[in-house]
């Protein structure tokens, strides 16, 4: 067996706890820490001290062969051996060749390591990955340790510590060893500052603001910090720029996976090769950072299930972020403006991040910051016009996602100041923007344009000149209410009505009156004729395909030309245009993700062409051999035979079914879905049964996510056939009987999947015990 995870995460403690209840199964037990540099003979000597001390002869210590003696013991006795701290696969190879017997003596060797490669090399089947604690669990551990032996009467001191504790705990990155060390520091501060609350507050603030420095100075964790330094030093060189880039985002900030990937591509950290696109390479980097535990995948939800919005989010590990921040400041890579900044020596770097709590002092910005070498600018909070200037001659990334105060006039003034080298522009969430000005057309190197969740209802004609464009996201964020059976879209921002000062008055600015509101309110945007010229485009959505007088005929012709599309989102699908849509994507052999939103007035008949009501797979669907992700939202009932058809898609890995209701209140997954590992379904009060039956029905399913709207009598059956199931997630409103029934089923499942429930207050998934 092997147990792996980052240093300080509690691997050894977990193994010790397990041994406490299982050592009685073995005749002999030994625990040895691997020395560095590794020495097999020395390890064997120290192992014999635990396994068979009476066999050691001090008089003949130099002539005995400890390796041979260990091998004999493993052959003749049931031995439990723990080897802690292996660093390289060659170390295990030496141990295996010399000590491991091929017979069936019943011995067990447990290897504890920080390295996944070592864990995989030691054990091909039984491998445990110990991960850092989630924020709620980390905070519980912190409170337990920090207030131990603290009198209940010490109220003010506790209040002072509590005011800083959330942020301090977040900087521990969920690593128990760090959490306990920080709790010890604060426990001592509480004890020593009973009569000086002000001093306690100052020291807590210092620990928060200078976390890494204070931890190195006040804790006995030299091994941990040496490991972190070595960990970064041994990372591949091509990955290091991506790692330092993570410090751009605030502590505990939820980062959309695609946002980070597209920024890496724009920065040139990820480049296309013969076999992979730049985005595919960046996705590999993302997976590597997840394996290194530097970032954690985070699943988010709300009271609604979002349609057409990627639910893949991540967070930077707080402890690693603090280390990255300390290193990047020394190497002059990333610098941030936060709180109250004083005029100082001129700061320069490649990446500037403006935090929401910065006081927006223009004098500090102009007098202290050299923006001539700036490659990226990221703004959180309120926008100010002085953030962008012509001095930013090498800017590659301008990220204003979620920034407040960006309006049409500000955007019109800002865009001419941006250099033609700009590759990434995000205005996502800037709801007051209603149109894109013509000056955007001079950004000929632009690869990514994200105007999702703005009030932009139509993409302008000049976008067809941006031949380098790869990624275009537009349209409002919409949600699907399973109980009401309809799409809900927030209204677009409406400019304030200015008082009339002449005899002829328009209630809204002319630019706003020209916006095609029907496209916006349907969940997508109009695209101009000629968008098919953007031959490099691989992500496009959400396009309203029935917004023209010819019911989207020109749009369909353009879609045919975009043969490199990997991801497509469309809305406004109805009986009149569904056949045209099928024809448009027939030649899209690279298509991996398809989001389809039906016209609210449509009935199930429009799906005769898309998926076939008679259970017959249409010819065009067979061409989507690379389709891996499908999101399907319907306001009408989805017949069961159409669900069966979805099971025939050969590479489908992710399926999201957001339906008004199931046929007869039941949803059945029979044979098929051989590659599916993530399934999300929405259920309402009329839903009664979800079953997994048939030959290998979803045998590879790993995660089942269920969103409920007033569900009271829903039952699941056949989950034991989903052999790889590891996690079930519940969100929304549901009866306690549903949760109890799932708990009972999962307890009998061979894999013992965990049941998680969305905690609205903590905004995170919590395990149901």
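The values are calculated or read from the model by the stated rules, or taken from the named source; none is laboratory data. Remember, predicted model here, so these are calculated numbers, not experimental data. Glycine also receives a Cβ, built like all others from the backbone with ideal geometry; neighbour counts cover every protein chain displayed.
The residues of the stretch 725-745 that are in contact with a helix residue (DSSP H, G or I) (Cβ under 7 Å, 6 or more places away or on another chain) and not in a loop (DSSP other than H, G, I, E, B), listed by number, are 728, 730, 745. Between 627, 598, 617, the distinction of being closer than 22 Å to residue 258 by Cβ and either in the same structural domain as residue 436 (by TED's automatic domain parsing) or at pLDDT below 80 (or both) belongs to 627 only. Taken as a whole, the condition of being closer than 22 Å to residue 659 by Cβ, modelled with pLDDT of 75 or more and surrounded by 21 or more Cβ atoms within 10 Å (Cβ to Cβ) applies to residue 573.
Would it be correct to say that residue 296 is within 29 Å of residue 182 (Cβ to Cβ) and either in contact with a strand residue (DSSP E or B) (Cβ under 8 Å, 6 or more places away or on another chain) or modelled with pLDDT of 85 or more (or both)? The answer is yes for residue 296. In the stretch 1-92, counting only helices (runs of 4 or more DSSP H) that sit wholly within it, the ones holding 1 or more residues that are in contact with a helix residue (DSSP H, G or I) (Cβ under 7 Å, 6 or more places away or on another chain) span 40-51, 66-76. Residue 201 falls short of the stated requirement of being at pLDDT 90 or above and not in a helix (DSSP H, G or I). Scanning the stretch 691-704 for residues that are under 24 Å from residue 759 (Cβ atoms) and surrounded by fewer than 22 Cβ atoms within 10 Å (Cβ to Cβ) turns up 702, 703.
Of all the criteria given as (1) in contact (Cβ under 8 Å) with a residue 40 or more places away in the chain; (2) more than 30 Å from residue 186 (Cα to Cα); (3) over 19 Å from the mean Cα position of the chain (by Cα), the one not satisfied by residue 269 is (1). Could you list, in sequence order, the residues of the stretch 217-231 that are closer than 20 Å to residue 294 by Cα, in a helix (DSSP H, G or I) and in contact with a helix residue (DSSP H, G or I) (Cβ under 7 Å, 6 or more places away or on another chain)? Across the stretch 217-231, the qualifying residues are 224, 225, 228. Screening residue 649 against (1) surrounded by fewer than 17 Cβ atoms within 10 Å (Cβ to Cβ); (2) out of contact with any helix residue (DSSP H, G or I) (no Cβ under 7 Å at 6 or more places or on another chain); (3) at pLDDT below 85 leaves a single unmet condition, (1). Residues of the stretch 701-716 that are assigned to a strand (DSSP E or B) and within 14 Å of residue 691 (Cβ to Cβ): 704, 706, 715, 716. Among the residues of the stretch 708-725, those identified as closer than 21 Å to residue 670 by Cα and either in contact with a strand residue (DSSP E or B) (Cβ under 7 Å, 6 or more places away or on another chain) or crowded, with 19+ Cβ neighbours inside 10 Å (or both) are 714, 715, 716, 717, 718, 719, 721, 722, 725. Just one of the listed residues (675, 680) is part of a strand (DSSP E or B) and either assigned by TED's automatic domain parsing to the domain that holds residue 760 or under 22 Å from residue 637 (Cα atoms) (or both), and it is 680.
Scanning the stretch 341-393 for residues that are surrounded by 13 or more Cβ atoms within 10 Å (Cβ to Cβ), within 34 Å of the chain's Cα centre (by Cα) and not in a loop (DSSP other than H, G, I, E, B) yields a total of 15.
Is it true that residue 455 is in contact with a helix residue (DSSP H, G or I) (Cβ under 8 Å, 6 or more places away or on another chain), assigned to a loop (DSSP other than H, G, I, E, B) and buried (at least 16 other Cβ atoms within 10 Å of the Cβ)? So residue 455 passes the test.
Residue by residue, here is whether (1) modelled with pLDDT of 95 or more; (2) more than 22 Å from the chain's Cα centre (by Cα); (3) within 15 Å of residue 465 (Cα to Cα) holds:
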{"position": "424", "(1), (2), (3)": "yes, no, no"}
{"position": "428", "(1), (2), (3)": "yes, no, no"}
{"position": "431", "(1), (2), (3)": "no, yes, no"}
{"position": "434", "(1), (2), (3)": "no, yes, no"}
{"position": "442", "(1), (2), (3)": "no, yes, yes"}
{"position": "448", "(1), (2), (3)": "yes, no, yes"}
{"position": "452", "(1), (2), (3)": "no, no, no"}
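Residues of the stretch 404-439 that are outside any loop (DSSP other than H, G, I, E, B) and farther than 17 Å from residue 385 by Cα: 424, 438.
Among the residues of the stretch 14-24, is any on the phi > 0 side of the Ramachandran plot, surrounded by 14 or more Cβ atoms within 10 Å (Cβ to Cβ) and within 38 Å of the chain's Cα centre (by Cα)? Step through it out loud before you land on a result.
Filtering the stretch 14-24 for residues on the phi > 0 side of the Ramachandran plot gives none.
No - not one qualifying residue is present in the stretch 14-24.
Looking only at the stretch 733-752, decide whether some residue is buried (at least 20 other Cβ atoms within 10 Å of the Cβ) and under 25 Å from the mean Cα position of the chain (by Cα). Checking the stretch 733-752: not a single residue is buried (at least 20 other Cβ atoms within 10 Å of the Cβ) and under 25 Å from the mean Cα position of the chain (by Cα). Has the stretch 302-314 got at least one residue that is crowded, with 16+ Cβ neighbours inside 10 Å and modelled with pLDDT of 85 or more? Yes, that holds for at least one residue. The condition of being at pLDDT below 90 and farther than 30 Å from residue 454 by Cβ holds for only one of 237, 275, that being 275. Is it the case that the stretch 436-446 has a residue that's within 22 Å of residue 278 (Cα to Cα), out of contact with any helix residue (DSSP H, G or I) (no Cβ under 8 Å at 6 or more places or on another chain) and surrounded by fewer than 23 Cβ atoms within 10 Å (Cβ to Cβ)? Yes, that holds for at least one residue.
Just to verify a result, which residue in the stretch 55-86, among those that are modelled with pLDDT under 85 and exposed (fewer than 14 other Cβ atoms within 10 Å of the Cβ), is farthest from residue 40 (Cα to Cα)?
Going residue by residue through the stretch 55-86, those that are modelled with pLDDT under 85 are 55-64.
This time we only want the ones that are exposed (fewer than 14 other Cβ atoms within 10 Å of the Cβ), so: 55, 57-63.
Details: 55: 18, 57: 19, 58: 19, 59: 21, 60: 19, 61: 16, 62: 15, 63: 16 Å.
Among those that are modelled with pLDDT under 85 and exposed (fewer than 14 other Cβ atoms within 10 Å of the Cβ), it is 59.
Can we say residue 376 is under 20 Å from residue 414 (Cβ atoms) and assigned by TED's automatic domain parsing to the domain that holds residue 423? Spelling it out, residue 376 is indeed under 20 Å from residue 414 (Cβ atoms) and assigned by TED's automatic domain parsing to the domain that holds residue 423. Per the listing 183, 119, the residue uniquely in a helix (DSSP H, G or I), surrounded by 20 or more Cβ atoms within 10 Å (Cβ to Cβ) and in the same structural domain as residue 10 (by TED's automatic domain parsing) is 119.
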